[in-house]
Amino acid sequence: MTPTHTLLGWCRWKMRTLRPYPKLRYYLEVYRPGERRDCWAVFYSSTPFVAIRTGDIVNPGLWPGSEAPEKVLRVTRVEHILWDFGRAPAHKVCVYTEEHIPGAASKRDAA
């Protein structure tokens, strides 16, 4: 048996021993414009959130603490954090933003 077959056999055995594995938990944290520590909103889900990338526009108009419903934010950075402590594996996405001024030249507006 080659080392690859040995590894595949070990992986199959490991997968059988992990079942039933608890469902992954998903968190989405959106930070206030220009902030790295001031989390504005946290969302929880049992299913993955849609992919968010740098340059995307986020509308926080209906969130608690929103100053103006027409204000939108541009995503400046996305950070993924994965952990598995005990029985609850999780995936957290941290979304960092800046204030977006509609009409200003940007990659997103040009698309």
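Can you tell me which residue in the range 57-73 is modelled with the highest pLDDT, limited to those that are within 26 Å of Leu24 (Cβ to Cβ) and of a type in the set (A, V, I, L, M, F, W, C)?
Going through the range 57-73, the residues within 26 Å of Leu24 (Cβ to Cβ) turn out to be 58, 60, 63.
Subset that is of a type in the set (A, V, I, L, M, F, W, C): 58, 63.
On the way: Val58: 90, Trp63: 82.
If we take residues in the range 57-73 being within 26 Å of Leu24 (Cβ to Cβ) and of a type in the set (A, V, I, L, M, F, W, C), then Val58 is modelled with the highest pLDDT.
Please pick out the residue among Thr97, Thr54, Thr76 that is modelled with pLDDT of 90 or more, part of a loop (DSSP other than H, G, I, E, B) and among the hydroxyl-bearing types (Ser, Thr, Tyr). Let's see the steps before the verdict.
Details: Thr97 fails: part of a loop (DSSP other than H, G, I, E, B); Thr76 fails: part of a loop (DSSP other than H, G, I, E, B).
Criteria check complete, one pass: Thr54.
Are any residues in the range 59-79 touching a His at 6+ places or on another chain (Cβ under 8 Å) and aliphatic (A, V, I, L, M), and if so, which ones?
Scanning the range 59-79 gives Val72, Leu73.
The values are calculated or read from the model by the stated rules, or taken from the named source; none is laboratory data. None of these values were measured; they are calculated from a predicted model. With ideal geometry, Cβ positions are generated from the backbone for all residues, glycine too; neighbour counts draw on all protein chains shown.
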